[in-house]
Amino acid sequence: MANKQALNIVKMKKYKQDGVPLSMITAYDYPTAQLAEEAGIDLILVGDSLGNVVLGYNSTLPVTIDDMVYHTRSVVRGAGNTFIVADMPFMTYHGSVDETLKGVRRLMQEGHAHAVKMEGGLEIADTVKAVVLAGVPVLGHIGLTPQSVNQIGGYRIQGKNAADARRLMDEAKALEAAGAFGIVLELVTEEVARAISEELSIPTIGIGAGRGCDGQVLVFHDVVQYASPYTPKRFVKSYGDVGTLIRNSIESYVKEVKNRSFPAEEHVFTAADGVLDQLYGHQKAKVETNA
């Protein structure tokens, strides 16, 4: 994809108008970002999900702004022609606007992201507006919000009753009014996600939110089953199994090292004739051995 051109928020809105779905995937390092761009992905999310799938935490809460800057910078180096969104981590945008903008500045200036993502609805609308007014595109995120998992009582489907559906619609409209260029809908019932998507002029990107969204996002490690053990999820489709491939490859390597079949003849380098004779002490050792 050498001629690939990065999307921008104007083109994304046009995609929605034209009915062209947006494809989004997470990435957390240089080679993954390279591969995603070569595959033609529209957007890359440097998600705080890196806490789970890269850093080994049991939630996203321990992820810091330093973690996000480090990984975003790596991803940008690998996908220079793709629109890259970086997550604002837990509790970095719920205090003062000044504190929020400091974190945003780091993701943009040090991480070189093109936009930031924030979880929440009505309670962060003013913050989203302030960040947008500062010149930074913001992607919203409602429904199941992993940073609030302790408050909402676990990983529960959102929008299962009328009151919850109304809440989600109000949150989506508030984020749109605040200037968000799009909204991630996570684990939202298909009917509610479709209604929100039809109501908004900005794109919705679903994850576990059905077929009515304007785009879809999945975690890289789910798409390729890069985990041990891999746990299937109902709302995810995996397109490969690199975890098994990697494990089997390393097992084969270990076996060949142990039985000395690696390195083989084709993996070694040969010195020119007489080189060993010129090594200090080699000729003496050879004479003593012959004696």
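Every number here is computed from the coordinates shown, using simple stated rules; none is lab data. Being a predicted model, the structure only gives us computed values, none of them experimental. Don't worry about glycine lacking a Cβ; one is built from the backbone with ideal geometry, like all the others, and counts go over all protein chains shown.
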- Pairwise FRET efficiency - Y30 versus E266, Cβ, R0 = 35 Å, nearest 0.05: 0.75
- Item | Value at 222 nm in deg cm²/dmol, rounded to 500, when DSSP H runs of n ≥ 4 in the chain each add -39,500 (n - 2.57) | -11500 deg cm²/dmol
- Of Q158, H71, I250, which is farthest on the positive side of the dipole of the chain, counting Cα position, with +1 on Lys and Arg Cβ, -1 on Asp and Glu Cβ, and the Cα centre as origin? Q158
- Note on the structure: With label points set 7 Å from each Cα along the Cα-to-Cβ direction at E198 and H112, the distance between them in nm comes to 4.3
- Two-site FRET efficiency, R166 against H94, from Cβ-Cβ distance with R₀ of 30 Å, rounded to 0.05: 0.80
- Taking the Cα centre of segment 1-137 as origin, work out the dipole magnitude from +1 charges on Lys and Arg Cβ and -1 charges on Asp and Glu Cβ, in debye rounded to 20. 480
- Query: Any idea how far apart K258 and K102 come out in nm if each label point goes 7 Å out from Cα toward Cβ?
  - Reply: 5.3
- Query: Counting Lys and Arg as +1 and Asp and Glu as -1, each charge on the Cβ, what is the dipole of the chain about the Cα centre in debye, to the nearest 20?
  - Reply: 240
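State which entries of K160/K237; K14/K117; K4/K237; K13/K102; K102/K233 exceed 32 angstrom in Cα-Cα distance in the structure shown.
Violating the 32 Å limit, Cα to Cα: K102/K233.
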- Considering the zone a paramagnetic label at Q5 would reach in this model (a point 7 Å from Cα along the Cα-to-Cβ line), which residues of segment 23-42 have amide N under 14 Å from it? none
- Counting DSSP beta bridges in the chain, what percent are antiparallel, to the nearest 5? 5
- Query: How far apart, in nm, are the 7 Å Cα→Cβ label points at A177 and V236?
  - Reply: 3.6
